[in-house]
């Protein structure tokens, strides 16, 4: 497999999960603005949607969309326990959380990367985002290690990745101590550290 990514973008979650699952894969960096990959592939021909992540499977097919890719990776290596089995209530609940992160948190944070966003729109977006984060803060209030309990899952990789954008976007999360502690726990996982290093986001220890 080959993961097409942009450093620190939402594709980081897929990158983390590939490492957590112990799957074999190659990395190819994408220049979204230039619409090309580091090895000269035409990005828009490869993925007409124009954004990362994209995963080229061993048969040549290219699959996109965060939640779909996360579930696919989990299903390739069920022993890694990144997601419960299909058809179970636990899987239903995890998928529900994944879509919540995608539509309510990822979407809100992503909107603030737009340099044309007005101060009023930014404030409204942050207000909405903080309301959405309250659910996450409440889930973590019982002392659980990860978002669904004690097992690291696909949703953790996704939530960690998009929440990491808060610092460069100047979003104050200090009112969410459970979330901040959670971010710290996820950050030190070996697969997370290896992904951050591979994408040039942190220096190797």
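Could you tell me which residue of the range 6-42 is nearest to residue 105 (Cα to Cα), considering only residues that are surrounded by fewer than 17 Cβ atoms within 10 Å (Cβ to Cβ) and out of contact with any strand residue (DSSP E or B) (no Cβ under 9 Å at 6 or more places or on another chain)?
8
From the list 20, 28, 65, which one is over 27 Å from residue 87 (Cβ atoms) and not assigned by TED's automatic domain parsing to the domain that holds residue 169?
Sole residue among the options that is over 27 Å from residue 87 (Cβ atoms) and not assigned by TED's automatic domain parsing to the domain that holds residue 169: 28.
Which is touching a helix residue (DSSP H, G or I) at 6+ places or on another chain (Cβ under 9 Å) and surrounded by fewer than 20 Cβ atoms within 10 Å (Cβ to Cβ), of 171, 155?
171
Given the options 50, 87, name the one that is over 16 Å from residue 10 (Cα atoms) and part of a loop (DSSP other than H, G, I, E, B).
One residue alone meets the criteria, 87.
Any idea which residue in the range 183-205 is farthest from the chain's Cα centre (by Cα), counting only those that are at pLDDT below 95 and exposed (fewer than 10 other Cβ atoms within 10 Å of the Cβ)?
It comes out as 205.
May I ask you to say which residue of 75, 59 is more than 18 Å from residue 10 (Cα to Cα) and either in a loop (DSSP other than H, G, I, E, B) or in the same structural domain as residue 148 (by TED's automatic domain parsing) (or both)?
The conditions single out 59.
Being touching a helix residue (DSSP H, G or I) at 6+ places or on another chain (Cβ under 8 Å), part of a loop (DSSP other than H, G, I, E, B), under 24 Å from residue 8 (Cα atoms) and assigned by TED's automatic domain parsing to the domain that holds residue 24: is that true of residue 40 here?
No: the conditions fail for residue 40.
If we scan the range 20-33, do we find a residue that is at pLDDT below 95 and more than 19 Å from the chain's Cα centre (by Cα)?
yes
Are any of the residues in the range 93-111 over 19 Å from residue 155 (Cβ atoms) and either out of contact with any helix residue (DSSP H, G or I) (no Cβ under 8 Å at 6 or more places or on another chain) or crowded, with 17+ Cβ neighbours inside 10 Å (or both)?
No - not one qualifying residue is present in the range 93-111.
Restricting the search to the range 79-92, which residues are closer than 23 Å to residue 53 by Cβ and surrounded by 13 or more Cβ atoms within 10 Å (Cβ to Cβ)?
80, 81, 82, 83, 84, 91
Given the residues 23, 27, which is the only one that is touching a helix residue (DSSP H, G or I) at 6+ places or on another chain (Cβ under 7 Å) and outside any loop (DSSP other than H, G, I, E, B)?
None of the others qualify; the one that does is 27.
Pick out the one residue from 180, 176 that is surrounded by fewer than 19 Cβ atoms within 10 Å (Cβ to Cβ) and modelled with pLDDT of 95 or more.
Result of the check over 180, 176: 180.
The values are calculated or read from the model by the stated rules, or taken from the named source; none is laboratory data. As the structure is a prediction and not an experimental result, all values here were calculated from the model. Cβ atoms come from the backbone with ideal geometry, glycine included; neighbour counts cover every protein chain shown.
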